[in-house]
Amino acid sequence: MQEGAVLELRGISKFFPGVKALQNVDFTLRAGEVHALMGENGAGKSTLIKCLTGVYPKDEGEIYMAGHDKPVTIRSPQDAQNIGISTVYQEITLCPNLTVAENMYIGRTKGNLTRWKRMNKGAGKILKDLGIPAAPGQQLSSCSIAVQQMVAIARAVDMDCKVLILDEPTSSLDESEVAKLFKLMRDLKARGVGIIFVTHFLDQVYEISDRITVLRDGQLVGEYVIEDMPRVQLVSKMLGKELGDISDIKKASDKAADMTSVPVLEAEQLASAAGIKPFDFSIHKGEVNGFTGLLGSGRSECVRAIFGADRVSGGTVKVNGKSVKIRKPLDAMKQGIGYLPEDRKLDGIIGDLSVRDNIILALQVMKGFFRPFSRAQAEAFADEYIKKLEIKTASSDTPINSLSGGNQQKCIVARWLLTDPVYLILDEPTRGIDVGTKTEIQKLVLELAGEGKSVTFISSETDEMLNTCSRLIVMRDRKVVGELKGEDLNQDMIMSTIAGGEAQ
Amino acid sequence: MTTETKTPVKKKSRSVGEVLKNMTRHQLFIPVAALVLLVLFNLIADPSFFAVSLKENSLGNPVLSGNIISVLDNASELVLLAIGMTLVTASSGGQDISVGAAMAIAGSVIIRLVCGGRVSVDTMQTSLILAVLAGIGVSMLFGAFNGVLVAYLKIQPMVATLILFTAGRSIAAWINNNQLPIVNDQVFKYAGTFIPGIPIPTPVFITILVILAFWLALKFTNLGLYTQSVGINANASRLNGLDPKMIKLLTYVILGACVAVAGFIRVSRSGSINYSRIAENIEMDAILAVALGGNALGGGKFNIYGSILGAYVIQFLTTTLFKYNVPSTALPAYKAVVIILLVVLSAPVVREKMSHIKKSSKRAKEVA
């Protein structure tokens, strides 16, 4: 083993039927470093983590841990924990109805008796040491997601872990929560814990990481020290090619929108059961606009109201100047509106169904119960969009949940493109997917606008919004607080509008 | 994105082992294998099991008789229930345990109309078609009752249908004023026995017709796609313009129709009804048929033909046990043993373990 390393993977390979998920991958983690594991969706990050934590058996290669002379064998997550490898997943895997302390000690008590006092005291001490704002006796579900994640980390730390794996820990956190998490990570670093950090957020990688290992198509691209690796180069390493220039397309599409025409959709004083303040909204042919604001500011609720996804409780909607009633999603679909929901897993994909069924679903529903597409027709539709959007799938028959996140998202995009919408709402289409697909989706949005379609685009990453939108509606505390366009469309102005300062 | 896909496309030349592996993975493997085993067992133990002969029945009609005919005949009600149960399971992720009691209700309605309120009739008082349609209508209403509880009030299916499970047989008795009417009109018994001149039991034809109807419905409507979609992810289905509640309700109403046809066959067999014993415990066999067919009881994807096959396997087993003079009190115990085997073998955990063992033994061979 190398000097200072706590964990070394040598020549790890993993094969799935028909796919080489990992080929001869090396990885070294040193004590007290944050090591980012980067790659597109399907590059093999998750597979590597799962091999390391015993979720999958590896097919080839060896794992070395500091303090063990021989390669270690890890057959289950339990084994991994016992030798000091702990994992905190994107989705919290604790029990929300137990207390913080119970969650930290569950499954670890020796013997049948639980010493409640000692447990609570122990938990309290660790929480205090790590500066986590939670009380041991508090029910876990009453903590914010960020704190829950920290509790999961505290549990790992208390189990004396030497290697901590954080798999997309920040994707459901807002900025201040991310800052807290990073503080905790720095503390752990100082204690000599090696941290493997898997994320899609480049900013965060550059803020916290010491080293980066890049994977592509199941192979190791290389290990880099962060200082030697400019962003553009990192992205091109991950993609295996240079990034396309988005801003050029934007300039072309800016002219396409005719703001004097009758709006494609116009809403007045629209309100829904989700509790947003009534708002006005309009979008023109060929326009791309967006809702921005912090998490929970009501961005998603606005577009859900437009689509009829939440119960509409007031207001009027006009499509092409004509008054329409949109009470349920089908009404909106009939007006040519498409909606890609924020939560892909919960609201987007139909997990066990094939890619084909997922793609044709919306169009099929619009066509009607008694008029199913023939198998050949459905296959033709699916194949067309698999090719067009470069969806990576073994076949159109593959269940959608065996695809990577980015490819699942493309299937949902395909579903709506197939309906040939006049107005497409994309709520966080780029969340939790790889950089390459993010860029592709942004390009696609601009292309659609170029074709004369209207798009509302929502993203937590302001850069993406600035790249694509020509008008931004700013939200705070469930109401619209401003609208930015033209000269005002910049990072500073967005920030100050969100924060509530009228002048800069 | 890279345009070339690196996944090597496998050629069609597959080894025998691979073919076997694919076969065991298939959803219908367990019911087919169970059927093959039962057939083999009977072939070896006593090939005369499969003998079919043409005999005269009590009415002087030449009819086919034999164990195989009896399996096909007696499985009819179960097959119909299994079909409806599959849809309900797929859409709502739960099972309807009131189907036996609902069969009693449907049967009771039909008998009541045919008897016109009398205790014993020699000729039917109402047109049979009308009576059956009324039975189907009432049964669909009770199905809708279950469906509303499950879909709109979001009650667990098993709990929601417990209501009708408990009350159903009393309602059936109440429909006929607690009497036990007897229909002596032979025409009434055609559906449950034989139509003169046709040597094959009528329930077999009815079952084939219903299966055909579902085959057509699954082919020419979106029933399959919608129920599966709703069963897998109701939220996402709603955002794609579906009405998940309506679709769940629809599956319960469809099951209601299946139940009525099954109830009709059952009362038509004897021309009478015993409220407390008719179709007793059939709900459990219907659920078992769905599970045997490789369908997840948690809902989602389904294969209706698996359930149909499962129903026939259950009846085949029962008939085999009867043939070997297993006393009817001991029957459930024997059945349980076979069921345990089948269910354990089809459990995903066990199947994974088995494929693991196969793999490691293969590896051991390679090393040696």
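The values are calculated or read from the model by the stated rules, or taken from the named source; none is laboratory data. Source: prediction; values computed, not measured. Please note: Cβ atoms are built from the backbone with ideal geometry, for glycine as well, and neighbour counts cover all protein chains shown.
Checked against the criterion of being in contact with a strand residue (DSSP E or B) (Cβ under 8 Å, 6 or more places away or on another chain) and within 14 Å of chain A (Cβ to nearest Cβ), the stretch B:208-231 has no qualifying residue.
The residue pairs whose first member lies in the stretch A:14-36 and is within 14 Å of chain B (Cβ to nearest Cβ), whose second member is assigned to a strand (DSSP E or B), and whose beta carbons are closer than 6 Å, counting only pairs six or more residues apart or on different chains, are A:ALA21/A:LYS14; A:LEU22/A:ILE12; A:LEU22/A:SER13; A:LEU22/A:LYS14; A:GLN23/A:SER13; A:GLN23/A:GLN219. Of all the numbered requirements in (1) closer than 30 Å to A:MET65 by Cβ; (2) modelled with pLDDT under 85, A:ILE165 misses one, and that requirement is (2). If you filter the stretch A:223-255 down to residues that are among the hydrophobic types (A, V, I, L, M, F, W, C), outside any helix (DSSP H, G or I) and modelled with pLDDT of 80 or more, you find that the one that is farthest from A:TYR423 (Cα to Cα) is A:VAL225. What about A:VAL6, is it buried (at least 19 other Cβ atoms within 10 Å of the Cβ), part of a strand (DSSP E or B), more than 14 Å from every other protein chain (Cβ to nearest Cβ) and under 27 Å from the mean Cα position of the chain (by Cα)? Considered against the rule, which asks whether it is buried (at least 19 other Cβ atoms within 10 Å of the Cβ), part of a strand (DSSP E or B), more than 14 Å from every other protein chain (Cβ to nearest Cβ) and under 27 Å from the mean Cα position of the chain (by Cα), A:VAL6 comes out as no.
The single condition from (1) in contact with a Lys or Arg (Cβ under 8 Å, 6 or more places away or on another chain); (2) closer than 30 Å to B:LEU225 by Cα that B:SER98 fails is (1). Across the stretch A:431-454, the qualifying residues are those that are polar (S, T, N, Q) and buried (at least 24 other Cβ atoms within 10 Å of the Cβ), and the one among them that is nearest to A:GLU266 (Cα to Cα) is A:SER454. Taking the criterion of being in a loop (DSSP other than H, G, I, E, B) and among the small types (Gly, Ala, Ser), would at least one residue in the stretch B:124-142 satisfy it? Yes, that holds for at least one residue. Residues in the stretch A:190-221 that are on the phi > 0 side of the Ramachandran plot and modelled with pLDDT of 90 or more: 0 in all. Among residues of the stretch B:293-310 that are of a type in the set (S, T, N, Q), those with a beta-carbon under 9 Å from a residue that is buried (at least 23 other Cβ atoms within 10 Å of the Cβ) and not in a helix (DSSP H, G or I) at least six positions away or on a different chain give the pairs B:ASN295/B:PHE302; B:ASN303/B:GLY293; B:ASN303/B:ASN295; B:SER307/B:GLY293; B:SER307/B:ASN295. A:VAL55 meets each of the listed conditions (1) outside any helix (DSSP H, G or I); (2) over 30 Å from A:GLN409 (Cα atoms) apart from (2).
Within the set A:ASN103, A:ASN97, the sole residue that is in the same structural domain as A:ILE145 (by TED's automatic domain parsing), within 30 Å of A:LYS117 (Cβ to Cβ) and surrounded by fewer than 16 Cβ atoms within 10 Å (Cβ to Cβ) turns out to be A:ASN97.
Those helices (runs of 4 or more DSSP H) of the stretch A:387-504 in which at least 2 residues are of a type in the set (Ser, Thr, Tyr) and more than 28 Å from A:ARG216 (Cβ to Cβ), considering only elements entirely within it, cover A:491-499. Annotation for the stretch B:302-309: no member residue is closer than 30 Å to B:ASN176 by Cα, modelled with pLDDT of 90 or more, surrounded by fewer than 22 Cβ atoms within 10 Å (Cβ to Cβ) and not aromatic (Phe, Trp, Tyr).
One line per residue, one yes/no per condition, for (1) touching a helix residue (DSSP H, G or I) at 6+ places or on another chain (Cβ under 6 Å); (2) under 26 Å from A:ARG431 (Cβ atoms); (3) at pLDDT 85 or above:
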position	(1), (2), (3)
A:PHE27	no, no, yes
A:ALA31	no, no, yes
A:HIS35	no, yes, yes
A:ASN41	yes, yes, no
A:LYS45	no, yes, yes
A:TYR56	yes, yes, yes
A:THR73	no, no, yes
A:ASP79	no, no, yes
A:ILE83	no, no, yes
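Applying the criterion of being among the hydrophobic types (A, V, I, L, M, F, W, C) and assigned to a helix (DSSP H, G or I) to the residues of the stretch A:369-386, the residue that is farthest from A:GLY42 (Cα to Cα) is A:ALA376. When the stretch A:365-387 is filtered for residues that are touching a residue at least 12 places away in the same chain (Cβ under 8 Å) and of a type outside the set (Ser, Thr, Tyr), the ones remaining, listed by number, are A:VAL365, A:MET366, A:PHE373, A:ALA378, A:GLU379, A:PHE381, A:ALA382, A:ASP383, A:ILE386. Within the stretch A:375-419, the set of residues being within 10 Å of chain B (Cβ to nearest Cβ), farther than 25 Å from A:PRO17 by Cβ and polar (S, T, N, Q) comprises A:THR419 only.
Annotation note: of B:ASN184, B:ASN178, B:ASN146, the sole residue that is over 25 Å from B:ALA90 (Cβ atoms) and touching a Ser or Thr at 6+ places or on another chain (Cβ under 8 Å) is B:ASN184. Taking the listed residues B:ALA236, B:ALA257, the one that is more than 7 Å from chain A (Cβ to nearest Cβ) and part of a helix (DSSP H, G or I) is B:ALA257, with no other qualifying.
Within the stretch A:439-468, the set of residues being within 25 Å of A:GLN204 (Cβ to Cβ) and in contact with a Gly (Cβ under 8 Å, 6 or more places away or on another chain) comprises A:THR439, A:LYS443, A:PHE457, A:ILE458, A:SER459, A:MET465, A:THR468. When B:LEU218 is tested against (1) touching a Gly at 6+ places or on another chain (Cβ under 7 Å); (2) buried (at least 22 other Cβ atoms within 10 Å of the Cβ); (3) within 27 Å of A:ALA376 (Cα to Cα), just one condition goes unmet, and that condition is (2). Residues that are within 16 Å of the chain's Cα centre (by Cα) and at pLDDT 90 or above: does the stretch B:319-327 have at least one? No, there is no match, as no residue in the stretch B:319-327 is within 16 Å of the chain's Cα centre (by Cα) and at pLDDT 90 or above.
Considering only residues that are buried (at least 24 other Cβ atoms within 10 Å of the Cβ) and in contact with a Leu (Cβ under 6 Å, 6 or more places away or on another chain), look in the stretch B:239-254 and name the one that is farthest from the other protein chains (Cβ to nearest Cβ). Only one residue fits best here, namely B:THR251. For the stretch A:327-374, taking the residues that are closer than 20 Å to A:ASP427 by Cβ and of a type in the set (Asp, Glu), the one that is nearest to the other protein chains (Cβ to nearest Cβ) is identified as A:ASP347. Among the candidates A:LYS334, A:LYS328, A:LYS285, single out the residue that is more than 22 Å from A:LYS453 (Cβ to Cβ) and not hydroxyl-bearing (Ser, Thr, Tyr). Matching residue, one of A:LYS334, A:LYS328, A:LYS285: A:LYS328. Take the residues in the stretch A:35-54 that are crowded, with 22+ Cβ neighbours inside 10 Å and among the charged types (D, E, K, R); name whichever of them is farthest from A:GLY194 (Cα to Cα). It comes out as A:GLU40. For the stretch A:127-141, a tally of residues being modelled with pLDDT of 85 or more and of a type in the set (A, V, I, L, M, F, W, C) returns 4.
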